[in-house]
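What follows is calculated from the coordinates using simple rules that are stated; it is not laboratory data. On a predicted model such as this, the values are computed, not experimentally measured, just so you know. In this analysis, Cβ positions are derived from the backbone assuming ideal geometry, glycine residues included, and neighbour counts consider all displayed protein chains.
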Amino acid sequence: MIASYSTDQVGLRLLGAHAPQARALVFAVKGEDLMHLDRANAKFAVHVDAAAQWKRLGVGSPGRFQNVELFAPRAAGTSGGLVTDVTSRPSTEVTTYGWPPLEFIRQGLLRYCFAEDEDASTQVSFIEQRVRVQLARWAWPLAGEPGAVVLCQPDNQTSYVFSRVIQRKRAARPAGDGFPVRDFDDLIEFLTGRVSQDSPDFDPSWTASVQAGTCSAFLRRLYAQGPRLGHLICCGVTPVQLRKSITVVDIHSLHDSAQRFVVGALTARIFEEKQGSGREPLRFIVLDELNKYAPRTGRSPIKEVLVDVAARGRSLGVLLIGAQQSAGDVDANIIRNAAVKVAGRLDAGESAEYRFLTPELRDRAARFLPGTMVLYQPLIPAPIPLRFPFPAFATCVAESAPDPAEQARAEADALGRL
């Protein structure tokens, strides 16, 4: 990320020869603050020592992040268009993200709709696996409607192995060949017919012959996800792609289930794409409130992905940068695999969780001022207290300074209307 922030060559050298292709995925979890990383900090000039502090770090020209793309979800409950659920930026500066039904099915994202601990501990996860495979077997592109699918009965030769099914390229078919799916509600309607044992279209091959109670539990959970994340799955939305150095994906306004869905779907895709492709160029995943997605107890598909990234990500070139209020709330496997640890002000009652700190530093950390933190990393086998320079980029809406080019255009427009 330093390569994107600095206009000097120092940051580029830190990331190596593949620095221009390095990408960072940043999840905006708390408000729209991170949606302003590409804006200068209006309060930077007040901090007279900040520029010199950045220079000592090798950043000679601190400022806003460059080469940034912003994504925000479609506003829930809207119809007749894609209204972006963001208020602090013009809609022209933000892309409405989501998953067209074809991508949702072919990426097997149904598993992230069932990410609660209770789903993983019951047979609901078993029926979800079968439904996920069946959807891939039945789905064909819908002719004339990009992103939509038509669900048609497959032939007997179609594999039940998910990876083999999605490898086959399929030609588009008309809506009359089967059941067209253009959004999540269509998918719910179709699955109700196949999974509900009270339906005339009930098909035990979709449920793996589980008990009726398990089918009902699956449908109850599916119905609950409709208003929570259904607006993310529809035609017309743009899948998130890491086209620029920094991609900010806003999830703060989503329901907790939808937040977990987005984090799981995007993290898994990045991790899968790096398998077998070499360590370079690097991929960074920045996620606040890590304890929500990889808690100390319980299990879920999302937690499994994050633990896998923490364990194997460095060798594959996928680096997880997680933040949370207390390390004790995060899965211990992630904490153990963290090569670099940074601690800010600690509550006296939780300082025992930070065993990498000396007793003296744990005591001092309870009285740290904002911006003071302790860094622990493998090159120097001792924790190092430091102060982070005041940022030259906006860290919240109140600090966001308008872009000079945009301001000039706005002033020219205003003069033109006089």
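What are the residues whose amide H is under 5 Å from the amide H of Ala28, where those residues sit 5 or more places off or on another chain and H is modelled from the backbone?
Under 5 Å from the amide H of Ala28: Val249, Asp250, Ile251.
Determine which lysines satisfy two conditions relative to Lys244: a Cα distance under 21 Å, and not lying fewer than 8 residues away in the same chain.
Here the lysines satisfying the reach criterion relative to Lys244 are Lys274.
Highest first, please rank the peptides 21-27, 396-402, 163-169, 324-330 by the mean number of other Cβ atoms sitting within 10 Å of their residues.
Working: 21-27: 20.9, 396-402: 15.7, 163-169: 11.9, 324-330: 18.3.
Going from most to least packed, we get 21-27, 324-330, 396-402, 163-169.
If you take every DSSP beta bridge fully contained in the chain, what fraction is antiparallel? Give it as a percent rounded to 5.
45
Hey, what did segment 101-232 get for relative contact order, percent, Cα under 8 Å, at least 6 apart?
Answer for segment 101-232 is 25 percent.
Just going by the charge dipole of segment 136-244, with Lys and Arg at +1 and Asp and Glu at -1 on Cβ, which of Gln153, Val165, His231 is farthest out on the positive end?
In segment 136-244, that residue is Val165.
For a quick check: sort Asp198, Asp185 by the number of other beta carbons within 10 angstrom, fewest at the front.
In order of increasing Cβ crowding within 10 Å: Asp198, Asp185.
Rounded to the nearest 20 Debye, what is the dipole magnitude of the chain about its Cα centre when Lys and Arg each give +1 and Asp and Glu each give -1 at the C-beta?
1260
Ranking request for peptides 133-143, 367-377: highest mean number of other beta-carbon atoms within 10 Å first, then the rest in descending order.
The most tightly packed comes first, giving 133-143, 367-377.
Once phi is turned into θ = phi - 60°, what whole-Hz ³J(HN,Hα) does the Karplus curve with 6.51, -1.76 and 1.60 give for every residue of segment 232-245, x standing for Gly and Pro?
7, 10, 6, 6, x, 6, 10, x, 5, 10, 8, 7, 10, 4
Pairs of alpha-carbon atoms within less than 8 angstrom and 6+ residues apart define the contacts here; what relative contact order does the chain have, in percent?
Numbers: 736 pairs, mean separation 98.0, N = 418.
Value for the chain: 23 percent.
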